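Input: a single structure, listed below in structure tokens.
The values are calculated or read from the model by the stated rules, or taken from the named source; none is laboratory data. Model, not experiment: these values are computed from the prediction. Using ideal geometry, Cβ is built from the backbone for each residue, glycine included, and neighbour counts are taken over all protein chains shown. Calculation scope for accessible area: heavy atoms of the full protein, side chains included, ligands and nucleic acids excluded. Shrake-Rupley method; radii C 1.70, N 1.55, O 1.52, S 1.80 Å.
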Amino acid sequence: MRLVRVGGETSTVGTDLRAALASWGRGDAIVGGVAVLDLQPPGCPGPIDAVVIMPRGVLVIVGVDLPDPAVRLDAPLSGQWTTDGWPLVRPDGATNPAAEALAATSAVTALLQAERTEPVPVGTVVAIGPYVSQVSQPTPDLMRGVRILHPEPRNLMTAAKELATHTRTCTVAEVRQILAAVHPDGADAADLGTAELVAEGFVDTAARDAAAMTTFIPRTVLAGHHGKHEGDEPARGLRWLPIVAAILIAILLATGIAVAISSANKGSADRPESSTNQIPVDGVAFTAKGSAEHTDCAAHAFGDVKTWLEKNGCARLIRARFEATSDGKPVAVVVSVLRFTKSTSATELRAVADRPGAGGIADQAAEGVAWPGPHQPTFESAAYASGREGSSLKLVQAVWLDKKSDPDDPILKSVVTKALQLSLAG
């Protein structure tokens, strides 16, 4: 992690934050990236402790200084914070400091969109100090991409890995664009060398493309060296170009046709109006909206569920999306099935997942895969249910597709209960 200091101290806990980031060292052996410290991006309501640009995501980190150390902090994104059971009251009157962090993240996200940077996940970290032993967050808040923690190196690293979930690695050009957007006047950040950024895990596409051209071009030229007439060598080499081009075009056309046929078949199966794609369960029709399978189960989890999976593993994870209609309104449903070789593992993980604030399996939207259709649901305040299926564990979440949700909404709770009956192949 490369640190670039911009301004003066933003918060007292920022000292611990900088120490945690510095402890990761240079290079991408652990996380990698560039941390711009103590800055105020354009449009941001105030200075923030850090914007961390990693190869697969961006973190906006805001420090919050508590009046005293605490053993336990209950920190919902909406509502009163409490420290060791006592309501948190700060001199500025704020009862929920997370609002400042969310405002900063919104400003940074809007800034990146305005500058037309490559879309990457932007997560929020609220760094709490002087010390907190345990932080409790509601599960929907965790799914929203917000982590509230004391910035010890391990805590911060775990949050970074959970929130930086872009499907591909950012390039050197893209990270420079992000740096220029969040700190347009920062020569130190913008002038980082290509070698330094590559060492932090970013991809140098210019060097890769140049290497590919260097490898390809001499082979075309050498083809002419077998001729007997020196003056004919360039022409003979060039004669091969139309042939090679024709072959490449033929291959691309064949591949394109195959992909088009496959896409057409897949697209026809995904249409909501297709009766074969609707699964009726107790009066509710679930329409499949795509699925994904993984063997690295922990990489797609968060919170205590992720910690458990990192220690114990999982044979396979299947994440499926559905849309349903209930009470005349559309509902977004995510069904996650974790396959195990032993039924006891499913029982143990279910006990973890059912605890309030224990985390869960993230929707693919957190990894850059948009929800199909015009609406983009967020699974905060989602209704939740879990169930067993042999040696598998099934976790279901549901939210209204076009309006705010309540985890205790009786209609949504009915939908998740019925969704437990859906069977996923794999």
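How many angstrom lie between the Cα centre of region 307-335 and the Cα centre of region 135-182?
So the separation of the two Cα centres works out to 22 Å.
Are there trypsin sites (Lys or Arg not before Pro) in region 385-426 that DSSP puts in a loop and that have at most 15 other Cβ atoms within 10 Å, and which ones?
Hits after loop and neighbour filter: K403, K404.
Suppose all protein chains stay in the model; what accessible area per residue would a 1.4 Å probe give for region 1-156, in Å²?
41 Å²
If you place +1 on the Cβ of every Lys and Arg and -1 on the Cβ of every Asp and Glu, how big does the dipole about the Cα centre of region 309-426 come out, in debye to the nearest 20?
Computed charge dipole of region 309-426: roughly 420 debye.
Using only C-alpha atoms and all pairs of different ones, pull out the Kirkwood radius for region 278-426 in Å with one decimal.
With all distinct Cα pairs of region 278-426 included, I get 15.3 Å.
Restricting attention to region 290-370, which trypsin sites (Lys or Arg not before Pro) occupy a DSSP loop and are surrounded by at most 12 other Cβ atoms within 10 Å?
Qualifying residues, ordered by number: K342.
Summarise the accessible area of region 30-124 (1.4 Å probe, protein heavy atoms) by the percent that is carbon and sulfur.
Carbon-and-sulfur percentage of accessible area, whole number: 56.
Where the accessible area of region 325-426 is counted over protein heavy atoms with a 1.4 Å probe, how much of it, in %, is carbon and sulfur?
With neighbouring chains kept in place, the figure for region 325-426 is 52 percent.
Per 5 Å bin, what percent of the C-alpha pairs of region 12-104 does each bin hold, from zero upward?
Histogram of Cα-Cα distances, whole percents per bin: 2, 12, 19, 20, 18, 15, 9, 4, 0.
Step through the table entries K161/K311; K161/K404; K342/K413, compare each Cα-Cα distance with 22 Å, and write down the pairs that go over it.
K161/K404; K342/K413
How many Å² of accessible area per residue for region 317-384, probe 1.4 Å?
Normalised by residue count, the accessible surface of region 317-384 is 40 Å².
Please turn the phi angles of region 57-63 into ³J(HN,Hα) values with the Karplus equation 6.51 cos²θ - 1.76 cosθ + 1.60 (θ = phi - 60°), one per residue in order, whole Hz, x for glycine and proline.
x, 10, 10, 9, 10, 10, x
Taking K289 as the anchor, which lysines have their alpha carbon closer than 16 Å to its alpha carbon, excluding any fewer than eight residues away along the same chain?
K266
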